[in-house]
Amino acid sequence: MIAINQLLEDFKTKKISVGIVGLGYVGLPLALSAAMGGYRTLGFDIDPDKIEAIHAGQSYLKHISAGSIAEAMHTGLLNATMDFSRLDEVDAVIICVPTPLTQNRDPDLTHVVRTTEVIAKKLRKGQLVALESTTWPGTTAEVVKPILDATGLVYGTDYFLAFSPEREDPGNAHFTTRTIPKVVGADDEASLQLAVALYENIVSSVTSVSSTRAAEAAKLTENIFRAVNIALVNELKIVYDAMGIDVWEVIEAAKTKPFGYMPFYPGPGLGGHCIPIDPFYLTWKAREFEVSTKFIELAGEVNTTMPRYVVEKVARHVDANLKIGLSATNVLVVGIAYKKNIDDMRESPALRIIEILEDRGAKVSFYDPHVPVIPATREHANLTGRKSIHWEDLAAEKFTVALVVTDHDVIDYDALRSAASIVVDTRNIYTRRSITGDNIFKA
């Protein structure tokens, strides 16, 4: 019988060690935060390059400084390994692995299941397992728990289980992992107390909810809220453009209202994991209850049409201003990370835009100061290995169109305007920087 009170005291006083499985965009900053919070932290990953980088005090994520990793390693509180047999060395195991969609837009929990099976092989009495990967309500109880129960250990007595959704926002200068509040849910009181005690030493504040399902639903609600509102302004962009109205000007005017309105902004399409993927986890689960998710599905339809809308706007501007077809153009896609000032390529709309442009016969290059080479992706394998042009070669290329897809801060947009016959801006960066020109257009 586990002495819960003593175990809880050990969690609170940081006498326990923490294991983080998956050292990507969620796991690495979480491991650093756990170490900074005073826990002995052991990161697990199957990628030897990540483990080697951590041991060398180097970073493989643009928004995570090498100095923070080196400092954590120097304290002796952070370490990393590929040896999953060491999972029994830690007292709390936090799962931070990907949860993509299949080609049919169904949840793919392969990584969660395999990770849980590996944890189960080393599960021992007194351990807490926490899932952070975004998923449908019920995953922790219906998928993770049965795998752990099969070990013979008793949930809530021998081992403990919780869900705490990740809330990472790479490149956000105002919030870090430690300063973003955490939601924690569990299906028994002991698991909830242990999880809250753990996270209270890692992040600034913790809000507990009544179940793992409630915590899973909270994460999806956050992302669905954004997806639906972005779809709304994307649709308004199309409507207002047809009326000769600048949607960006309208949003700036509307957001002066101090109540009842929150600004969202249109763009070339959705990227990252949270908005393009996560809402469909609820859509999938809702079918089990014979409930349709009309807003979510409609938002998905609107948002996924944006890359094609952008290309069509480029074609119209080329035709109207240069009197040539898209197939005669040399297009520079500016920015292919899914958001500014980071190197994260997950679900980036730029990749789809490049494909559509090339299908229309355009010659396409790209420039991104944060992404020198397009990495392998499941949906856009044909673009793997493409290299960014060098900025100093910009003028010599004589581009017909510079298409701003991602508005990185370090780009000289005035020089970009001079280097292309026309500029098509999907992010309103030229207006925001007060750069004007007869060759600048919005999409």
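The values are calculated or read from the model by the stated rules, or taken from the named source; none is laboratory data. Source: prediction; values computed, not measured. So basically every Cβ, Gly included, is an ideal-geometry build from the backbone, and we count neighbours across all protein chains shown. Accessible surface areas use protein heavy atoms only, side chains included; no ligands, DNA or RNA. Shrake-Rupley method; radii C 1.70, N 1.55, O 1.52, S 1.80 Å.
Applying a threshold of 6 Å to beta carbon distances and a minimum spacing of six or more residues, or different chains, the list of pairs starting in the range 332-346 at a residue that is on the phi > 0 side of the Ramachandran plot and ending at one that is open to solvent by 10 Å² or more (accessible area, probe 1.4 Å) reads 341/171; 341/409.
Return the only residue of 406, 384, 400, 426 being of a type in the set (S, T, N, Q) and surrounded by fewer than 17 Cβ atoms within 10 Å (Cβ to Cβ).
384
Filtering the range 197-211 to residues that are open to solvent by 30 Å² or more (accessible area, probe 1.4 Å) and of a type in the set (A, V, I, L, M) leaves 206, 209.
Residues in the range 429-443 that are under 23 Å from residue 326 (Cβ atoms), of a type outside the set (Ser, Thr, Tyr) and open to solvent by less than 60 Å² (accessible area, probe 1.4 Å): 429, 437, 439, 440, 441, 443. Given the criteria part of a helix (DSSP H, G or I), in contact (Cβ under 8 Å) with a residue 24 or more places away in the chain and over 28 Å from residue 347 (Cβ atoms), does residue 120 qualify? So residue 120 passes the test. Residue 393 fulfils the conditions (1) open to solvent by 60 Å² or more (accessible area, probe 1.4 Å); (2) of a type outside the set (Gly, Ala, Ser); (3) modelled with pLDDT of 95 or more; (4) farther than 24 Å from residue 104 by Cα except for a single criterion, (3).
Among the candidates 180, 251, 238, 245, which residue alone is open to solvent by less than 40 Å² (accessible area, probe 1.4 Å) and either touching a residue at least 60 places away in the same chain (Cβ under 8 Å) or part of a loop (DSSP other than H, G, I, E, B) (or both)? Among 180, 251, 238, 245, only 180 is open to solvent by less than 40 Å² (accessible area, probe 1.4 Å) and either touching a residue at least 60 places away in the same chain (Cβ under 8 Å) or part of a loop (DSSP other than H, G, I, E, B) (or both). Out of the residues in the range 147-172 that are within 28 Å of the chain's Cα centre (by Cα) and open to solvent by 30 Å² or more (accessible area, probe 1.4 Å), which is farthest from residue 223 (Cα to Cα)? In this case the residue turns out to be 147. When the range 42-58 is filtered for residues that are surrounded by fewer than 18 Cβ atoms within 10 Å (Cβ to Cβ) and either small (Gly, Ala, Ser) or not in a helix (DSSP H, G or I) (or both), the ones remaining, listed by number, are 46, 47, 56, 57, 58.
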